[in-house]
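To keep things clear, I will list the structure first and then write my remarks on it.
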Amino acid sequence: MIVFGWKVRFKTLGGGSFQCPVCNAPRTYDHVEARNWFTIFFIPLIPLKRKGEYVRCQTCQVTLDPVVLQNRGIEQASFAPPAGSLAPGSPLPPPSAP
Ligand SMILES: [Zn+2]
């Protein structure tokens with residue numbers, strides 16, 4: 001008799017530092033992927049559907065959507081000065097009469 005099934009395995013894709021919204025401080029994180037695996041005799045053999053990925057704070061262990069990393073980039077970009085200080089379509093000054 002063959003014992004088969006599936007289980008979820010977690011794989012660390014990377015890590016770095018981010019602003020943790022729970023600690024409210026700069027922390028290090030793990031970028032983790034969760035995926036279903038087909039198992040035979042409890043040994044994972046075939047990777048199946050990816051269940052998703054998340055970011056885990058190494059300090060408070062909270063799991064967050066990876067969007068939190070993208071939000072950090074948007075915040076940094078918002079500090080850049082706006083391109084072009086003149087409003088488009090502004091009327092030209094009237095020509096001076098001779
Ligand atoms: Zn945290």
Listed by first then second residue, the pairs whose first member lies in the range 43-58 and is free of Cβ contacts under 8 Å to residues at least 60 places away in the same chain, whose partner is within 16 Å of the ligand (Cβ to nearest atom) and of a type in the set (Lys, Arg), with beta carbons under 8 Å and at least 6 positions apart or on separate chains, are 57/27; 58/27
Of all residues in the range 14-58 being among the hydroxyl-bearing types (Ser, Thr, Tyr) and within 11 Å of the ligand (Cβ to nearest atom), which is farthest from residue 69 (Cα to Cα)?
28
In the range 50-61, what residues are surrounded by 14 or more Cβ atoms within 10 Å (Cβ to Cβ) and farther than 15 Å from residue 17 by Cβ?
53, 54
For the range 8-49, the count of residues that are more than 16 Å from the chain's Cα centre (by Cα), assigned to a strand (DSSP E or B), surrounded by 11 or more Cβ atoms within 10 Å (Cβ to Cβ) and not aliphatic (A, V, I, L, M) equals 9
Residue pairs meeting the criteria (Cβ under 9 Å; at least 6 apart or on separate chains; first over 13 Å from residue 53 (Cβ atoms), in the range 11-22; second of a type in the set (Ser, Thr, Tyr) and assigned to a strand (DSSP E or B))
16/28; 16/29; 17/28; 17/29; 18/28; 18/29; 20/29
Return the only residue of 25, 34 being touching a Gly at 6+ places or on another chain (Cβ under 7 Å) and hydrophobic (A, V, I, L, M, F, W, C).
34
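Each value in this text was obtained by applying a stated rule to the coordinates, not by laboratory testing. Please read these numbers as outputs of a predicted model, since none were measured by experiment. Cβ coordinates were reconstructed from backbone atoms using ideal geometry, including for glycine residues, and neighbour counts include every protein chain displayed.
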